[in-house]
């Protein structure tokens, strides 16, 4: 019989000395994502599709489910008693825990609904989370307290809402997968540890931006597209789902490389994806599965953040491929 999430977390406490408050927070986030999964699954039946008529701090149009998922996650984190502060891709600044709730030793960052451009067409989307230390529990949290490099993460993961709802996370002891059993409402372990092959024949990138890429990326992609007749001597397949959760989930399950490089459309932006809400947690999951994650020049998890909504270029997945495209930048 498959191991439940609760049993796995208790084993982590016993075997690895993981703080019960941290496992409690992970369990709480997992339960919260069940509610988001239900909202996503109802879609048009619940009137939650379409635009919310607002923009987030990134200047992106928010979907109704973006706002709903953000509210659900903020409320759940605040009332958990495990956190001192909350930061979301959808909010300008960190959220302090209201007076009526207890505070705890952790900071939670999240992208409440990654891939929201896919919401209305019933393609996989997800919730990404990252947990950092807050030190002594306190209520007056500032944005600056969240500006910790990814190597400081104590747990990270995502829940993907697709044909199955699956929780994928790490606490530094491998990347594990739990699938939500709809008949019991329980998360059951369906993978004991993900492993990404060092070599790959599959890549994911938005080729519509090709004309804006920097030279190292253009060189690398041209080599892949040349296939057997090119310098790589083998054919590659391309995939693009336009949801980081779905892209990373595919790589964890069958290998490959995912890329969202910086480009020349806006030289002031070092990339599209957010370091704190997307790149750091996903990079740790990839690394725990044997993969590599860089911004083209350095390991993503070693980057010192300078802003809560800092952007970064991302190359992650199969070790050989990520190291090759990184070498082209250097």
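The values are calculated or read from the model by the stated rules, or taken from the named source; none is laboratory data. This is a predicted model, so every value here is computed, not measured. Glycine also receives a Cβ, built like all others from the backbone with ideal geometry; neighbour counts cover every protein chain displayed.
Do we have residue 177 as modelled with pLDDT of 95 or more, farther than 23 Å from residue 75 by Cβ and assigned to a strand (DSSP E or B) here? Against the criterion (modelled with pLDDT of 95 or more, farther than 23 Å from residue 75 by Cβ and assigned to a strand (DSSP E or B)), residue 177 qualifies.
Within segment 186-207, being at pLDDT 95 or above and farther than 21 Å from residue 323 by Cα holds for 186, 187, 188, 189, 190. Do we find that residue 323 is at pLDDT 95 or above, surrounded by fewer than 24 Cβ atoms within 10 Å (Cβ to Cβ), more than 23 Å from residue 127 (Cα to Cα) and in the same structural domain as residue 210 (by TED's automatic domain parsing) in this structure? Spelling it out, residue 323 is indeed at pLDDT 95 or above, surrounded by fewer than 24 Cβ atoms within 10 Å (Cβ to Cβ), more than 23 Å from residue 127 (Cα to Cα) and in the same structural domain as residue 210 (by TED's automatic domain parsing). Restricting attention to segment 240-251, does a residue exist that is more than 15 Å from the chain's Cα centre (by Cα), under 20 Å from residue 313 (Cα atoms) and surrounded by fewer than 20 Cβ atoms within 10 Å (Cβ to Cβ)? Yes: segment 240-251 contains one or more residues that are more than 15 Å from the chain's Cα centre (by Cα), under 20 Å from residue 313 (Cα atoms) and surrounded by fewer than 20 Cβ atoms within 10 Å (Cβ to Cβ). Does residue 262 count as in contact (Cβ under 8 Å) with a residue 60 or more places away in the chain and crowded, with 19+ Cβ neighbours inside 10 Å? In short, no.
Taking segment 191-238 as the range and being over 17 Å from residue 318 (Cβ atoms) and buried (at least 19 other Cβ atoms within 10 Å of the Cβ) as the test, only 213 passes.
Conditions tested, residue by residue: (1) outside the structural domain of residue 92 (by TED's automatic domain parsing); (2) over 14 Å from the mean Cα position of the chain (by Cα); (3) in contact (Cβ under 8 Å) with a residue 40 or more places away in the chain; (4) farther than 18 Å from residue 213 by Cβ.
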{"residue": "267", "(1), (2), (3), (4)": "yes, yes, no, no"}
{"residue": "276", "(1), (2), (3), (4)": "yes, no, yes, yes"}
{"residue": "284", "(1), (2), (3), (4)": "yes, no, yes, yes"}
{"residue": "295", "(1), (2), (3), (4)": "yes, yes, no, no"}
{"residue": "299", "(1), (2), (3), (4)": "yes, yes, no, yes"}
{"residue": "307", "(1), (2), (3), (4)": "yes, yes, yes, yes"}
{"residue": "312", "(1), (2), (3), (4)": "yes, no, yes, no"}
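When we screen 123, 159, 141, 151 for residues that are assigned by TED's automatic domain parsing to the domain that holds residue 18, touching a helix residue (DSSP H, G or I) at 6+ places or on another chain (Cβ under 8 Å), surrounded by fewer than 24 Cβ atoms within 10 Å (Cβ to Cβ) and farther than 19 Å from residue 302 by Cβ, the only hit is 123.
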